[in-house]
Amino acid sequence: MREPIFGRFDPPRSSDHLLGPVQRLKTPMRHYRESEEVDVCIVGVGSAGGVLLQRLSRAGLRVVGIESGPFWDVERDWVSDEAGSHKLYWNDLRITAGANPITLGENNSGHGVGGGSVHWAAFAPRFHPSDFHIYELDGVGVDWPFRYDVIRPYYEMLEREMPVAGPARFPWGYPHSYPYGPHPSAGVGDVLIKGCTKLGIPVVAGGPVAILSGSYGDRQHCIYRGFCIQGCKVGAKQSTLYSHVPDAVACGAEIRDRSMAARVNLRPDGLVSGVTYFDAAGNERHQRCKLVVISGYAIETPRLLLNSASPGHEKGLANSSDTVGRYLMVQAGNVILGRFPQLIRLYKGPPAHALTEEFYETDPRRDFARGFAVQTVGPLPIAFAKQMMVAKGAWGWGLRKVMMDYNHWATLGLLGELLPWADNRVTIAEERDGHGLPVAKVTYGLKENDKKLIEFGKRKVMEIMSAAGAEEVVQEARYAHLIGGARMGDDPDTSVVDRFGCSHDIPNLFCCDGSILPTQGSANPGLTIQSLAARTANYIIAQSDRLSQGLRGLPEEPPIRHDLSPPGTYQRGIPRIPWPARQS
Amino acid sequence: MTSQNPAADHLLPVDPQSGSPLDPRRQPGYYPGFSTLDQRAFWDAATRQTVMDRVEQVPAIRFFDGGEAATMQAICNRILPQDDRDPERRIPVLNYLDNRLYSGMSDGYRYEDMPADGDAFRLGIQAIDEISVHLHAKRFTELEMAQQEEVLETIHDAHPPAGGNIWKRMPVDRFWLLLVQDIAAAYYAHPWSWDEIGFGGPAYPRGYVRLENGKAEPWEKDEQRYEWEPPPGARSGGYRPVGGGRPHHAPPGQSGTH
Ligand SMILES: Cc1cc2nc3c(=O)[nH]c(=O)nc-3n(C[C@H](O)[C@H](O)[C@H](O)COP(=O)(O)OP(=O)(O)OC[C@H]3O[C@@H](n4cnc5c(N)ncnc54)[C@H](O)[C@@H]3O)c2cc1C
Ligand code: SF4
């Protein structure tokens with residue numbers, strides 16, 4: 001067996017908390033007593049929770065994050081192995097039901113500090129300006145309580161904080177340019193580029209992805225090993241664990257990991273008083289606080305609200321409108337697989353590295369509203385075998401045979417907008433988890449527009465795959481990216497939280513994560529979720545005087561706070577092509 | 001790791017030209033000489049530990065009882081046949097599957113109309129025996145390879161001729177996906193399967209440098225194809241949709257990608 005020239009790569013013997021090979025967490029972490037009333041308690045330190053924790057603690061608020069999963073010591077806990085990465089997903093029981101039940105588990109949320117940003121593929125496109133008012137434009141879905149111009153500064157800020165690498169020229173939606181250079185293309189990206197170019201479809205490669213194309217602070221650049229969905233041990237792919245949590249801890253935030261929030265408690269005057277949770281040893285504990293933000297993901301946020309039902313809130317907290325859990329959405333995530341005569345080796349490079357949004361907007365020539373994107377994906381062997389089981393019906397000798405051709409296949413993902421419907425929802429099931437808490441039941445079914453969009457989109461991607469030279473093209477149906485369930489809006493009768501994430505019913509209870517998105521276009525939601533978290537944090541900071549007195553915050557857009565970005569990220573990186581600002 | 005059915009051990013893939021059986025190999029597939037395990041000194045310590053434990057510490061059978069284990073082994077032998085592998089190089093998929101069920105490792109969800117995973121497997125084994133008896137008046141383990149495949153094919157096609165009571169408690173198409181994906185996941189988690197299909201395996205901290213045009217890293221191997229066909233009489237060699245292509249909504253994909 002050959003040995004590396006500089007010896008084997010073993011983690012240092014020190015007891016430092018390692019985030020990637022170089023980054024270290026500053027310890028010891030601040031610790032608050034439970035009897036102490038902290039300013040903010042955040043449930044779930046995931047994509048949104050990590051950003052919130054960082055902003056609020058940097059602004060000087062006393063913040064505790066309660067996270068059900070572990071605070072990863074990355075170098076020791078994570079592996080460069082598909083089966084060994086199972087622990088990164090939410091593996092507690094959930095029930096899935098409905099006409100088109102969605103596959104959960106590794107297909108949706110994370111578990112542990114960083115949450116879903118630990119295992120996301122890190123595609124980081126922005127939503128288009130049209131996404132914020134699809135009811136006005138197309139008569140479908142619902143309009144957001146604000147428009148693109150409100151979120152744009154946050155997109156620009158988060159793109160530097162993550163940071164996002166991408167093309168110099170991103171032509172779709174609100175055209176923009178990325179300050180960090182694109183990644184080299186890999187096998188699957190080449191297929192997408194070739195297929196699109198043959199058909200005259202514009203395409204970009206090398207991003208936008210929240211993956212470092214050069215080293216950045218104490219984080220290393222990408223080494224193109226393709227294990228993004230298994231958690232990036234390198235530290236190149238953004239997760240809030242790398243980009244925001246270290247600054248939060250340095251600013252005095254406390255994270256209680258392996259702690260499962262059971263319910264949000266109320267004071268006699270109807271305001272929130274704190275959170276009851278089970279600690280790592282299974283003991284029931286209570287943290288008092290002035291304000292609670294629930295950032296538990298589109299399934300767990302509604303579950304916690306529903307499980308917190310109490311006298312006066314029999315249907316669950318913040319649920320006077322009976323909207324909690326409703327309008328749950330996914331995106332069409334069909335995987336299209338093409339076999340090529342030549343070798344592709346799809347496992348190299350980040351799975352996310354090229355896309356086209358040419359079909360994103362409503363096209364009057366099509367018989368459905370809204371549209372879709374086409375993106376690269378890079379299944380490792382187990383995921384690929386499961387795809388072949390569905391897409392080709394493979395088993396037995398047929399499965400062995402097609403798997404031997406793994407390196408001849410390329411895989412593209414459809415990412416299509418599916419609309420919000422009241423009966424697609426999270427409810428509480430009869431089953432209970434290990435703590436005795438009722439688990440979530442997710443009911444999902446497609447409607448007419450959804451089905452037409454999927455049919456058209458999947459055919460288009462198959463056409464691209466064939467144009468790229470595939471000799472055989474198959475596909476599987478799939479759904480990606482759960483959002484909704486606690487949607488925001490101006491009308492308290494049809495939404496759970498207001499435009500800032502504050503629940504309509506209780507002024508010191510906020511929700512902030514994917515669950516508050518009213519719709520999600522055909523862009524992966526992660527950048528938008530983190531951007532909205534920065535904005536909600538700004539709002540809580542701006543209104544902290546009122547909020548801490550139990551008063552509802554004023555409906556004023558908070559000031560942009562560049563000073564609250566993690567140190568050294570503000571204005572770093574210069575966009576290569578300044579675009580003339582276009583009408584949004 | 002030998003089959004319960006002595007006949008099945010002789011069912012080797014064949015050379016399509018001559019029709020003669022291909023001898024079992026230490027490493028089937030088109031990348032002879034490629035060994036991910038040989039690269040383990042280049043992996044990080046945590047990954048090395050996880051993968052070496054998988055190879056060296058094969059868990060004992062603890063979830064299935066003796067009879068169930070025998071039937072399940074025979075099922076594994078057909079869902080993921082390994083007759084083309086040298087006996088000492090067969091991947092103990094049943095042990096990994098059993099370990100998952102024994103330790104209650106869940107995938108994080110259950111279909112509303114499905115029992116818990118462990119119960120689903122127990123019921124499935126029972127149903128498979130009922131179909132075997134219905135079609136051939138013998139238990140699954142006593143059938144010939146082609147008969148065993150015939151039984152499993154009825155489940156793949158969502159058209160089982162027996163076991164009605166069980167299928168009332170568990171939709172047949174969902175059981176099929178659970179069965180195949182669990183067995184496939186056990187097989188393709190093993191480094192010997194990576195060598196077979198030419199997957200580079202763990203790649204941290206080294207990474208890849210030759211990203212395009214299917215090029216091999218210096219430590220990978222180029223493809224050397226040979227032609228082979230499934231053993232004569234095998235029914236699993238062709239491809240047809242799960243559910244038999246009858247009007248039936250296609251099952252959704254089961255893994256996370258983007
Ligand atoms: C395979 C895969 C690939 C993806 N790729 C992309 C991509 O390329 N681009 C993109 O934009 N998005 C992608 N996503 C989606 C993205 O990961 C999610 O949309 C995003 O992480 C959701 O953020 P969140 O803040 O809503 O929830 P999460 O990030 O999941 O955070 C929720 C956190 O809350 C914790 N929690 C929940 N309930 C409790 C409780 N009761 N008590 C304590 N803690 C609790 C959880 O443990 C978790 O850490 C992908 C998803 C998957 C599954
Ligand atoms: S491909 Fe790059 S970003 Fe993805 S896991 Fe590997 S090093 Fe990290």
Would you please name the residue that is nearest to the other protein chains (Cβ to nearest Cβ), looking only at residues in segment A:215-232 that are touching a strand residue (DSSP E or B) at 6+ places or on another chain (Cβ under 7 Å) and more than 13 Å from ligand 1 (Cβ to nearest atom)? A:CYS222
Filtered residues of segment B:206-230 (kept if touching a strand residue (DSSP E or B) at 6+ places or on another chain (Cβ under 9 Å), under 16 Å from A:HIS408 (Cβ atoms) and within 7 Å of chain A (Cβ to nearest Cβ)): none
For segment A:308-338, which residues satisfy the criterion of being away from ligand 1 (no atom under 16 Å from the Cβ), farther than 16 Å from A:PRO492 by Cα and in a strand (DSSP E or B)? A:SER310, A:ILE336, A:LEU337, A:GLY338
Restricting attention to segment B:84-109, and to residues there that are outside any helix (DSSP H, G or I) and of a type in the set (D, E, K, R), which single residue is nearest to the chain's Cα centre (by Cα)? B:ARG90
Restricting to segment A:354-379, count the residues that are in contact with an Asp or Glu (Cβ under 6 Å, 6 or more places away or on another chain) and at the interface with another protein chain (Cβ under 7 Å from one of its Cβ atoms). 0
Filter segment A:84-99 for residues that are in contact with a His (Cβ under 9 Å, 6 or more places away or on another chain) and at the interface with another protein chain (Cβ under 7 Å from one of its Cβ atoms) and give the result. A:TYR89, A:TRP90, A:ASN91, A:ASP92
Any hit, segment A:240-255, residues being more than 13 Å from chain B (Cβ to nearest Cβ), within 11 Å of ligand 2 (Cβ to nearest atom) and farther than 30 Å from B:ALA216 by Cβ: yes
A:GLU300 is checked against (1) buried (at least 24 other Cβ atoms within 10 Å of the Cβ); (2) among the acidic types (Asp, Glu); (3) within 26 Å of A:PRO182 (Cα to Cα) and fails just one. What number does that condition carry? (3)
Subset tally (residues that are more than 23 Å from A:ALA537 (Cβ to Cβ), within 9 Å of ligand 1 (Cβ to nearest atom) and polar (S, T, N, Q)) for segment A:264-307: 1
Among the residues of segment A:339-377, write down those that are assigned to a strand (DSSP E or B) and farther than 28 Å from B:TYR188 by Cα. A:LEU355, A:THR356, A:PHE372, A:ALA373
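So, in segment A:510-523, of the ones that are more than 12 Å from ligand 1 (Cβ to nearest atom) and crowded, with 24+ Cβ neighbours inside 10 Å, which residue ends up farthest from A:LEU554 (Cα to Cα)?
Our first condition is that a residue be more than 12 Å from ligand 1 (Cβ to nearest atom); within segment A:510-523, this holds for A:510, A:518-519.
Retained after the next criterion (residues that are crowded, with 24+ Cβ neighbours inside 10 Å): A:510, A:519.
Numbers: A:PHE510: 14, A:THR519: 25 Å.
So, considering only residues that are more than 12 Å from ligand 1 (Cβ to nearest atom) and crowded, with 24+ Cβ neighbours inside 10 Å, the one farthest from A:LEU554 (Cα to Cα) is A:THR519.
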Filtered residue count, segment B:24-54, keeping only those that are farther than 15 Å from B:SER193 by Cβ, aliphatic (A, V, I, L, M) and facing another protein chain (nearest Cβ under 7 Å): 3
Based on this model, can you work out whether A:ILE540 counts as assigned to a helix (DSSP H, G or I) and not small (Gly, Ala, Ser)? yes
Of these, A:HIS481, A:HIS504, A:HIS562, which one is touching a residue at least 12 places away in the same chain (Cβ under 8 Å) and surrounded by fewer than 19 Cβ atoms within 10 Å (Cβ to Cβ)? A:HIS562
State the number of residues belonging to segment A:18-28 that are within 30 Å of A:ILE223 (Cβ to Cβ) and in a loop (DSSP other than H, G, I, E, B). 6
Any residue that is buried (at least 24 other Cβ atoms within 10 Å of the Cβ), within 16 Å of ligand 2 (Cβ to nearest atom) and within 20 Å of A:LEU328 (Cα to Cα) - is there at least one of those in segment A:119-138? yes
Could we say that A:VAL335 is more than 7 Å from every other protein chain (Cβ to nearest Cβ) and among the hydrophobic types (A, V, I, L, M, F, W, C) here? no
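Could you tell me whether segment A:95-104 includes any residue that is of a type outside the set (S, T, N, Q) and at positive phi?
Of the residues in segment A:95-104, the ones of a type outside the set (S, T, N, Q) are A:95, A:97-99, A:101-102, A:104.
From what's left, at positive phi: A:98.
Yes.
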Would you please name the residue that is farthest from ligand 2 (Cβ to nearest atom), looking only at residues in segment A:217-230 that are on the phi > 0 side of the Ramachandran plot and surrounded by fewer than 24 Cβ atoms within 10 Å (Cβ to Cβ)? A:GLY217
Among the residues of segment A:160-192, how many are crowded, with 24+ Cβ neighbours inside 10 Å and within 14 Å of chain B (Cβ to nearest Cβ)? 7
Only one of A:ALA385, A:ALA332 that is crowded, with 24+ Cβ neighbours inside 10 Å, of a type outside the set (S, T, N, Q) and under 20 Å from the mean Cα position of the chain (by Cα): A:ALA332
If you check A:GLY378 against the conditions, is it touching a Pro at 6+ places or on another chain (Cβ under 6 Å), small (Gly, Ala, Ser) and within 16 Å of ligand 1 (Cβ to nearest atom)? yes
If a residue must be surrounded by fewer than 21 Cβ atoms within 10 Å (Cβ to Cβ), in a helix (DSSP H, G or I) and among the charged types (D, E, K, R), how many such residues does segment B:61-83 contain? 1
Among B:ALA203, B:ALA189, which is at the interface with chain A (Cβ under 8 Å from one of its Cβ atoms), within 15 Å of A:LEU380 (Cα to Cα), over 18 Å from the mean Cα position of the chain (by Cα) and surrounded by 19 or more Cβ atoms within 10 Å (Cβ to Cβ)? B:ALA203
Options A:TRP78, A:TRP72: the member that is closer than 28 Å to A:ILE382 by Cα and within 11 Å of chain B (Cβ to nearest Cβ): A:TRP78
Count, please, the residues in segment A:46-73 that happen to be in contact with a helix residue (DSSP H, G or I) (Cβ under 6 Å, 6 or more places away or on another chain) and either part of a loop (DSSP other than H, G, I, E, B) or among the hydrophobic types (A, V, I, L, M, F, W, C) (or both). 8
Test: A:ASP545 is assigned to a helix (DSSP H, G or I), out of contact with any strand residue (DSSP E or B) (no Cβ under 6 Å at 6 or more places or on another chain) and farther than 23 Å from A:MET157 by Cβ: yes
Could you tell me how many of the residues in segment A:231-246 are farther than 20 Å from A:VAL377 by Cβ and either surrounded by fewer than 24 Cβ atoms within 10 Å (Cβ to Cβ) or under 18 Å from the mean Cα position of the chain (by Cα) (or both)? 8
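Values quoted throughout were computed directly from the atomic coordinates according to the rules given, and no laboratory measurement underlies them. The structure displayed is predicted, hence computed values, not measured ones. When we count neighbours, we look across all protein chains shown, and the Cβ atoms used for this are built from the backbone with ideal geometry, even at glycine.
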